[in-house]
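Quick note: the coordinates plus some simple rules give every number you see, no bench work behind them. Everything numeric in this text was worked out from a predicted model, so none of it was measured. Here the Cβ positions follow ideal geometry from the backbone for every residue, glycine too, while neighbour counts run over all protein chains shown.
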């Protein structure tokens, strides 16, 4: 049945801007790099970390770079792109005659479906699913803030940011006092026990048993990452503000802003995790029972890093758009080049590519599958992550050249918009 309240279907290829797709496509590589260390099961890891504390020099270099450049920097960026996409969808619907109420209901339907997709994804394959967090935060942020004034968006983003900064500052102060405790004291040992994480979802050889483990982790992670950590709500509010100004569609009109955000955001985003990375490789000695402080610092500075990455890809998207001017062909690979076109092909199918990563990782790496994760190291797992991304690139390029949409995108669009009427362009 078609969705009767809507006057148009989903976005068509000719309406897409290069910057968001470039960002999604390349950051899916970083998501693979960030997620795969969790599959290094059966190893001792640091407090609040997914990286094994042992390993060769290459392993230590790989972990150092991932901690600084990737960890807790990718999901904030995707949260922004998710919120920006909601505003794009809403604007297109309203501009084509859909009522504002119907357009908002469409957004909320899509958010609820993402939450459902996340549940299934976690149950079947990956406990660290982020679709549920985005869907949950999207439901709340659209309900409370989608139609408020621009000033209100900025004020509430600042309030959330201030609260996160205070929590981070209190964590640093608290960790300093905790560090004074003797390592063998009961209080220090209690802290270590409290922050110890379970890898049962990876080490259990029973697939059915791991479903329970994954869903338990997912429920907590969805609420924490989607709401309590405050980064995703902040990103959505800023994305609503930016989407109203079409900053990523028209980056040439906002170059000074994009440059400032890229420089400041990436600088903070890279400097913030340096203490954690130095501690991991043994250069900075932080008592183990106080090392949990790195997690809130990573979360706070990851917000800036994610925002900086968004701005950087806005600048890159501007360069790509300039090359398209007067281009004789509509072929993505001809106008933008083979590599840039391939990255955008992945970005256009970001949901499919994200889910495909789990298909290529969980059955091969987890103990309930082939168990390869037990035999890899930080450096070889990094290579595996790049290989996984490369496979998704090949798949996306094939789909782009044959004119196919990603299967996950097709399923989501069909559920959101219903079956297209005969007069419409197929979704």
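Counting only DSSP H runs of at least 4 residues, each contributing -39500 (n - 2.57), and dividing by the residue count of the chain, the helix-based mean residue ellipticity at 222 nm comes to -22500 deg cm²/dmol. Ranked by the mean number of other Cβ atoms within 10 Å of their residues, highest first, the peptides 300-310, 144-154 fall in the order 300-310, 144-154.
Scattering from the stretch 90-231 was approximated by placing one identical point on each alpha carbon and applying the Debye formula without solvent; log10 I(q)/I(0) at 0.11, 0.16 1/Å stands at -0.64, -1.01. Working from Cα pairs under 8 Å separated by at least six residues, relative contact order for the chain is 32 percent.
Each residue, residue 176 and residue 189, gets one label point 7 Å from its Cα in the Cβ direction; the gap between the two is 2.9 nm.
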